[in-house]
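First comes the structure, then the notes that go with it.
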Amino acid sequence: MSATTLRCYTFLDSLQPQLASFMGKTARGFLPVPGQASLFVEIAPGIAINRITDIALKATRVVPALQIVERAYGLLEVHADDQGDVRNAGTAILAHLERREDDRLKPQVVTNQIIRSIEAHQAQIINRNSQGMMILPGQSLFILETEPAGYVAFAANEAEKAAHIFLIQVQPYGAFGRLWLSGPEAEIDAAARAAIAAIEGLAGRAGEKFVDK
C-alpha cells in the first residue's frame, strides 16, 4: 500500500441532526442517525477505496453510508452507535495502509465567503440545485471549499454544533469539498468561525499548496 496516499482521515464524534439527515437523504448506503460517530477516509488512487471498505467492515460493527469511487480519489464514510467501533475501524484502515493518522494531508481552506442578505432570485437558483434545506431571501449564505474534499464534512458538523444554521448542501468528494450554510447573519458568522477553526485545527502533513488563480 506504499503507493496509496491518505488524503483525508477525520473522526466525527457525534453526527449533528442536519448533517445526519442530509446524508440519509443523499447517500446510497446504510443511513446514519443523529448522535452516531462517523469516520471519513479519502485516499488516492480512488479504486483502492474498495479494499479499505472491506477492511473496515470486517474489523468492526461499522456500516458505510458513502463509498465514492473516482479515478483520482476514493471516499469512504462509516458510522456506528459506539465511538469505539468507529475508532477501531479507523485503526484497522491505518494498519492496512501502514500509515498513522498524522500521515493524512493537512486540510486547506480554499474558498471562504459570506454573502449577506441574499437576493430572492439567487435564493431560487441555490434552492433548485441543493438537496438540503432551503435558503430564504434576506438570509446570509456561507460558502466553504476545502482540499482534500472529505474534511468538509467535519467542518459542517462543527458549524452545526456552534450555531443555529440551515444546511443547504455539502459535497465531501471530488477535487474540493463544498459546503453551503444559510441563516441569520450573526449565526452564519458564528458558523463560519467554527467551520474554519475546525479545518485549521487539524494536523497533518503538508501537501501541495493550493493557489487560487
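What to note about this one:
- Thr91-Ile47 pseudo-label distance in nm [points 7 Å out on the Cα-to-Cβ vector]: 3.2
- Packing, as the average of other Cβ atoms within 10 Å across residues, places the peptides 152-161, 131-140, 13-22 in the order 152-161, 13-22, 131-140, highest first.
- What segment 32-95 shows is 41 Å² of accessible area per residue, with the surface traced by a 1.4 Å probe over protein heavy atoms.
- Over the chain, dividing the summed -39,500 (n - 2.57) contributions of all DSSP H runs of at least 4 residues by the number of residues returns a 222 nm mean residue ellipticity of -10500 deg cm²/dmol.
- Förster radius 35 Å - calculated FRET efficiency between Glu185 and Lys25 (Cβ-Cβ, nearest 0.05): 0.85
- Global form of segment 79-147, assessed from the alpha-carbon gyration tensor, a/c cut-off 1.5: prolate
- If the chain linking Ala203 and Gln122 were pulled fully straight, counting 0.36 nm for each residue of separation and taking away their Cα-Cα distance, it would gain 25.5 nm.
- Percent carbon-and-sulfur accessible area, the chain, ignoring ligands, DNA and RNA, probe 1.4 Å: 51
- Charged neighbours of Arg116, selected by a Cβ distance under 14 Å, balance to -4 (K, R count +1; D, E count -1).
- Positive-end ranking of Ala72, Gly46, Thr111 along the dipole of segment 41-116, with charges on Cβ about the Cα centre, is headed by Thr111.
- Formal net charge of residues neighbouring Tyr173 (Cβ-Cβ distance under 9 Å; K, R +1; D, E -1): -2
The values are calculated or read from the model by the stated rules, or taken from the named source; none is laboratory data. This is a predicted model, so every value here is computed, not measured. Reconstructed Cβ throughout: ideal geometry from the backbone, glycine too, with neighbour counts over all protein chains shown. Heavy atoms of the whole protein, side chains included, go into the accessibility calculation; ligands, DNA and RNA do not. Shrake-Rupley method; radii C 1.70, N 1.55, O 1.52, S 1.80 Å.
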